[in-house]
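Novice: Here's a structure for you.
The values are calculated or read from the model by the stated rules, or taken from the named source; none is laboratory data. As the structure is a computational prediction, the values presented were derived from the model and not from experiment. Glycine gets a Cβ as well: all are built from the backbone with ideal geometry, and neighbour counts include every protein chain shown. These area figures cover heavy atoms from the full protein model, side chains too; ligands, DNA and RNA do not enter into them. Shrake-Rupley method; radii C 1.70, N 1.55, O 1.52, S 1.80 Å.
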Amino acid sequence: MKIDVHNHGVPETVLDFFASRPEFGIEITADHHMSGGAEGEYTLEPAFYDADAKVANLEEHGLDGAVVSIDPPFFYYEADPDAGAELAEVLNVGLREMAARRPDRLWWMATVPLQDPARAAEVLAEQKQLGCVGVEIGTSTGAARLDEPQFEPFWAAAAELRLPVMLHPAYQHPHPGYSRFALQNVIGNMLETTIAIERLIMAGLLDRHPELTLVIVHSGGYVAYQQGRLRHARQVRSSAFDAASPNDPKNYFGRVRFDCLTHDRKALAFLIDQVGPDNMVLGTDLPCDMATPDPWASLVDAAGGEVAARIAGDNVVELYGLETRAPTAA
């Protein structure tokens, strides 16, 4: 099977939730359309919430299945912890039910109220019992970075549960250069991922939790390209680092997995060469507009059929512990 690990879903039930919770600042203005909140304007297309539409969307792009995660505008880490936990419950139930409708094609990642790390740990344990195969979190909460001490309960739980943690860029800090040309997405997403993973590696997270595996999307930001600069800085500017900071971030590739979303053949070939095909998984960003249009053909073009099949199949199955079966028609 060719399985997408960077594939977003938003359950339809979130519309009723937001309609009844004015503190989130979202108005349901038309059929499946939300106004306000983190995204501003957001239309919930069927491929986000309907299992059959999701599978049809995958098939249109040459894929068989997906590990579905919440679209980041719905993290709402800025919300009150109780409200955030209620929203996470609505989202988790919705993804779980969608995956249950097509168990031969769909699996799901949990979302957690990361603004309360202890509660996030509890929610994660509950969702593992209910069938999630991983968890998605933002690259920060806006107020705090993931390497800060308050997040230790969450990291400890993810490690103990052996659930892969996918980092998705969110809460980009304002930069005047982002004001035009969609650069908050084009550059900002990549930068947030780079900041998050390099801080986590250098803060010793993966040394403290050897069972932990992280997945970084959009080809991992700029990490593969500039990890040598971080290694050099560790050597020549050691006073800026912790005493226990590792010497070479590349040693953690494998504990850190990269999706293959580059939008460029040569960039993808470089990524495969730099991080190794065994440390990569298929990721598309479907069904969002920034998804790669022809993910399977692009991967085959850059990697060759045998390596592409490993990245999209065996690597995903191994990482998430998936039970796969022959896909069936809707």
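Novice: Would you say residue 82 is assigned to a helix (DSSP H, G or I), touching a residue at least 60 places away in the same chain (Cβ under 8 Å), open to solvent by 30 Å² or more (accessible area, probe 1.4 Å) and at negative phi?
Specialist: No; evaluated as a whole, the condition is false for this residue.
Novice: Moving to a separate point now. Filter region 200-242 for residues that are among the β-branched types (Val, Ile, Thr) and in contact (Cβ under 8 Å) with a residue 12 or more places away in the chain and give the result.
Specialist: 201, 213, 215, 216, 217, 223
Novice: Can you say whether residue 114 is buried (at least 22 other Cβ atoms within 10 Å of the Cβ), in a loop (DSSP other than H, G, I, E, B) and not small (Gly, Ala, Ser), as far as the supplied structure shows?
Specialist: Yes; evaluated as a whole, the condition is true for this residue.
Novice: Residue by residue through region 221-276, note down the ones that are open to solvent by 20 Å² or more (accessible area, probe 1.4 Å) and among the polar types (S, T, N, Q).
Specialist: Listed by number, the residues that qualify are 226, 235, 238, 239, 247, 251, 262, 274.
Novice: So, one more: Every residue in region 196-211 that is open to solvent by less than 50 Å² (accessible area, probe 1.4 Å) and either hydrophobic (A, V, I, L, M, F, W, C) or touching a strand residue (DSSP E or B) at 6+ places or on another chain (Cβ under 8 Å) (or both), please.
Specialist: 196, 197, 200, 201, 202, 203, 205, 206
Novice: Sort out which residues of region 222-261 are farther than 26 Å from residue 272 by Cα, hydrophobic (A, V, I, L, M, F, W, C) and not in a helix (DSSP H, G or I), and write them in order of number.
Specialist: 241, 243, 244
Novice: Let me spell it out: the conditions are (1) open to solvent by 30 Å² or more (accessible area, probe 1.4 Å); (2) touching a residue at least 40 places away in the same chain (Cβ under 8 Å); (3) within 20 Å of residue 283 (Cβ to Cβ), and residue 12 meets all of them except one. Which number is the exception?
Specialist: (3)
Novice: What residue, among those in region 142-186 that are polar (S, T, N, Q) and out of contact with any Pro (no Cβ under 8 Å at 6 or more places or on another chain), is surrounded by the fewest Cβ atoms within 10 Å (Cβ to Cβ)?
Specialist: 179
Novice: Go through (1) open to solvent by 10 Å² or more (accessible area, probe 1.4 Å); (2) over 25 Å from residue 11 (Cβ atoms); (3) of a type outside the set (Gly, Ala, Ser) for residue 214 and report which single condition fails.
Specialist: (1)
Novice: Here's something else I'd like to know. Out of curiosity, is residue 139 buried (at least 22 other Cβ atoms within 10 Å of the Cβ), in contact (Cβ under 8 Å) with a residue 24 or more places away in the chain and farther than 20 Å from residue 17 by Cβ?
Specialist: yes
Results for (1) of a type in the set (Val, Ile, Thr); (2) within 30 Å of residue 219 (Cβ to Cβ); (3) in contact with a His (Cβ under 6 Å, 6 or more places away or on another chain); (4) in a loop (DSSP other than H, G, I, E, B), shown as yes or no for each residue.
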{"position": "16", "(1), (2), (3), (4)": "no, no, no, no"}
{"position": "23", "(1), (2), (3), (4)": "no, no, no, no"}
{"position": "29", "(1), (2), (3), (4)": "yes, no, no, no"}
{"position": "41", "(1), (2), (3), (4)": "no, yes, no, no"}
{"position": "48", "(1), (2), (3), (4)": "no, yes, no, no"}
{"position": "57", "(1), (2), (3), (4)": "no, yes, no, no"}
{"position": "62", "(1), (2), (3), (4)": "no, yes, no, yes"}
{"position": "73", "(1), (2), (3), (4)": "no, yes, no, no"}
{"position": "86", "(1), (2), (3), (4)": "no, no, no, no"}
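Novice: Which one is nearest to residue 165 (Cα to Cα) among residues in region 184-221 that are part of a loop (DSSP other than H, G, I, E, B), among the aliphatic types (A, V, I, L, M) and in contact with a Ser or Thr (Cβ under 9 Å, 6 or more places away or on another chain)?
Specialist: Once the filter is applied, the top-ranked residue is 217.
Novice: Right, next: Could you grab me the full set of residues in region 250-290 that are of a type in the set (S, T, N, Q) and either in contact with a Phe, Trp or Tyr (Cβ under 7 Å, 6 or more places away or on another chain) or more than 13 Å from residue 312 (Cβ to Cβ) (or both)?
Specialist: Selection gives 251, 262, 274, 279.
Novice: Any idea which residue in region 27-52 is surrounded by the most Cβ atoms within 10 Å (Cβ to Cβ), counting only those that are touching a residue at least 60 places away in the same chain (Cβ under 8 Å) and under 14 Å from residue 289 (Cβ atoms)?
Specialist: Only one residue fits best here, namely 48.
Novice: Now for a different question. For region 283-299, check the following and say yes or no: at least one residue is within 30 Å of residue 233 (Cα to Cα) and open to solvent by less than 60 Å² (accessible area, probe 1.4 Å).
Specialist: Within region 283-299 (the criterion being within 30 Å of residue 233 (Cα to Cα) and open to solvent by less than 60 Å² (accessible area, probe 1.4 Å)), the answer is no, since none of the residues qualifies.
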